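Data block below; observations after.
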Amino acid sequence: ELRKEVTRTLTANNPHIPRDIVRFSFKEQAYKLVDDMDQTAILFTLNGYLIHKDSDEGRRQSIRSSIEAEEALVEEDEAPVEASPEAAEESESKDEESTGHAEAAEEGEEEEAAEQVAAAEAEEPPPPKALEKKLANQFNFIERSTTTYQNPLREKGLQTDPAPFETFSDNVNQWYIYDSYMEELERLEKAKEKEKAKPVAVKKEDKKTGRKLSYVEPLYGDSLSKVAKAAKIAERMVNLNTFDDIAQDFKYFEDASDEFRGQQGTLLPLWKFQYEKTKKLAVTAISWNPKYKDLFAVGYGSYDFMKQGHGMLLLYTLKNPSFPEYSFSSESGVMCLDFHSDHPHLLAVGFYDGNVAIYNLKKASSQPSYKSGATSGKHTEPVWQVKWQKDDMDNNSNFFSVSSDGRIVSWTLVKNELVHMDVIKLSADGTTMQGPEGLQLQMFGSGTSFDFHKKIDYLFLVGTEDGKIYKCSKSYSSQFLDVFEAHHMAVDSISWNPYHLKIFISCSSDWTVKIWDHTIKTPIFVYDLGTAVGDVAWSPYSSTVFAAVTIDGQAHVFDLNINKLEPLCTQLVVTRKKNKTTHVQFNPAYPIILVGDERGLITCLKLSPNLRKMPKGKKGQEVKKGPEVETEKLEKLLSLVRQPGSKE
């Protein structure tokens, strides 16, 4: 694919115009497809106010302006020139000074001055034009209170206006309305100042709570949100260039040496996801988003009872391995999480302190949208697993949780609050124990894991600390359908096969992985991995492939269709000493797995071709695929194992 040359021709056609526009042709009396669509794409339009001078409107405006200029000139010429009183006083003072100096002048000059004065008196100025008085509009009604020229003072005791008391009361009402408007304006201005004072980026949390995004939060409108979106895309492009070799391996690399290994396969390390604040925390849960196949959530906490502290919830994407997309902090360690299949923005989380919470990724909030409390039925011990269920009859979202306190609780979102209901309580061996003063104390089992059937809604399995597996029903709260003596130590993980309705798998700290048929009390397959098993997971693409991780840092991949006795791949994932692998998860779309450890590191590994082989068809026949084929493949395998005389 990399060597293939792809020729692309650039044209002036608009790729976004609709191609299926039809119009009725009266000529042919039928609907015809429109071929000649307008290819013009208008990117910017601005309505201007300029008018061309040679246009009709421009000529009319120029004629109108010239007429107005001529009328203004005529009015200036016709206006009389009146001498102001100040100018008259100045002229009189000048005349007096001139007469004082004129006493020593000659008589001929006095006669000439007298003649000039007489000539000026003979010429009388024309009478000034009287200004036309504007008539008031008789049809314009104005209230009496609004025509008051002198507004009274605000206080009654200081009133000096002789206006009637009615006018005074009207104006007092006006002042009251004015004050109300001013107070409202002042309140709005203060609110704007507070919004401006808010920081753009989220500050560091003092109480170890809060959420940090990998981009600046859009607090100041759409403009900043557009910049933040562009910055996120640029960040992903930089990471794509930085990790280009890994991206090429993820997309194209296939290990050619598998042809010489026979049935064995390998795991190719790809990205490593690590956050600075989670280096001292263990990976306690991993879950892929059901809608976005590159997005996954990771829970961080501690399995050590003596080292309990804060926890974190991070969401990573394969497009940006250097920094998490979302980051949430919690006061207690995160022990489990699960995405809702129909609402992928809802994330259910269980904590070490017994609380459960729901995070809504659509809301830019550092706190969960819903959280249990001491008064709302929280667990008294750590919550080890949560699972979303289908919406109830009222379309309310609900999920289940299992805890060491022996309770399996159903949580329902009703009117913006979590409503709990105890589904079943696990009973321990002996049921009761002797207490002080002869009291009989009832003992409950400790649930560590559970899983619901893929097709039968009411059926689910529960693993316990004492190694038993209970087959339970939602309809019965006081009894179990069946009990499996499965392991000698705690059941760390349990999971139904995604294709076969009867098969489930379990792993335990007693070093074993077992595959069961829920109608038979003995296991079908037992695998001893030599050390405690932390987690096990079925693959989404095959009914016979599963992976397990052990506390010695190794990952094991099995394919029962190829080898029923040994794993096809056993590879060391964690290289540091005193570090343990804790969880493993298959990607639902790509041939990769995620492995988490106790140092907060997530390692992404690609399965080699031998680990994801598909069944070969006969010559001339197409290979059938689908859930029915996978179920049939596993059923054939189980039928061979169940035959009493079979060497298998």
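Specify whether the C-alpha gyration tensor of region 219-319 places it in the rounded, prolate or oblate class, a ≥ b ≥ c being the square roots of the eigenvalues: rounded for a/c under 1.5, otherwise prolate if a/b is larger than b/c and oblate if not.
It is oblate, given that a/c is not under 1.5 and a/b is not larger than b/c.
Could you please report the charge total around C507, scoring K, R as +1 and D, E as -1 over all other residues with beta-carbon less than 12 angstrom from its beta-carbon?
-3
Could you give the length gained on full extension between L501 and D392, defined as 0.36 nm per residue of separation minus the Cα-Cα distance, in nm?
Going from the current span to full extension adds 36.9 nm.
I'd like to compare 497-506, 542-551, 27-36: which one has the highest average count of other Cβ atoms within 10 Å, and what's the full order after that?
542-551, 497-506, 27-36
If Lys and Arg each add +1 and Asp and Glu each add -1, what is the summed charge of the other residues whose beta carbon sits under 13 Å from the beta carbon of K378?
-2
If DNA, RNA and ligands are ignored and the probe is 1.4 Å, what is the ranking of R59, R261, R407, R3 by accessible area, most exposed first?
Per-residue accessible area, sorted high to low, gives R3, R59, R261, R407.
Counting only protein chains, not ligands or nucleic acids, how are T380, T412, T519 ordered by accessible area (probe 1.4 Å), most first?
T380, T519, T412
Compute the distance in nm between two label points, each set 7 Å from the Cα along the Cα-to-Cβ direction, one at K291 and one at K425.
With each label placed 7 Å out from Cα toward Cβ, I get 4.0 nm.
I want to check the label-to-label distance for E5 and E76. Put each point 7 Å from Cα in the C-beta direction and report it in nm to one decimal.
7.9
On a 1.4 Å probe surface of the protein chains, which of R236, R64 comes out largest in accessible area, and what is the full order?
R64, R236
Using r as the Cβ-Cβ distance of K32 and S376, and R0 as 60 Å, what FRET efficiency do you calculate, to the nearest 0.05?
So the FRET efficiency works out to roughly 0.40.
For a quick protection proxy, order the peptides 527-538, 240-251, 303-314 by their average other-Cβ count within 10 Å, most packed first.
Top to bottom by mean Cβ count within 10 Å: 527-538, 303-314, 240-251.
Taking R0 as 25 Å, what FRET efficiency do you get between V414 and R187 from their Cβ-Cβ distance, rounded to the nearest 0.05?
For R0 = 25 Å, the calculated efficiency reads 0.10.
For F260 and N360, calculate 0.36 nm times their separation in residues minus their Cα-Cα distance, and state this gained length in nm to one decimal.
31.1 nm
At a Förster radius of 41 Å, what calculated FRET efficiency corresponds to the Cβ-Cβ distance of A234 and K280, to the nearest 0.05?
Once rounded, the FRET efficiency stands at 0.85.
The values are calculated or read from the model by the stated rules, or taken from the named source; none is laboratory data. All values derive from a computational prediction rather than experimental measurement. Here Cβ is always computed from backbone atoms with ideal geometry, including for glycine, and neighbour counts include all displayed protein chains. With ligands, DNA and RNA removed, areas are computed over all heavy atoms of the protein, side chains included. Shrake-Rupley method; radii C 1.70, N 1.55, O 1.52, S 1.80 Å.
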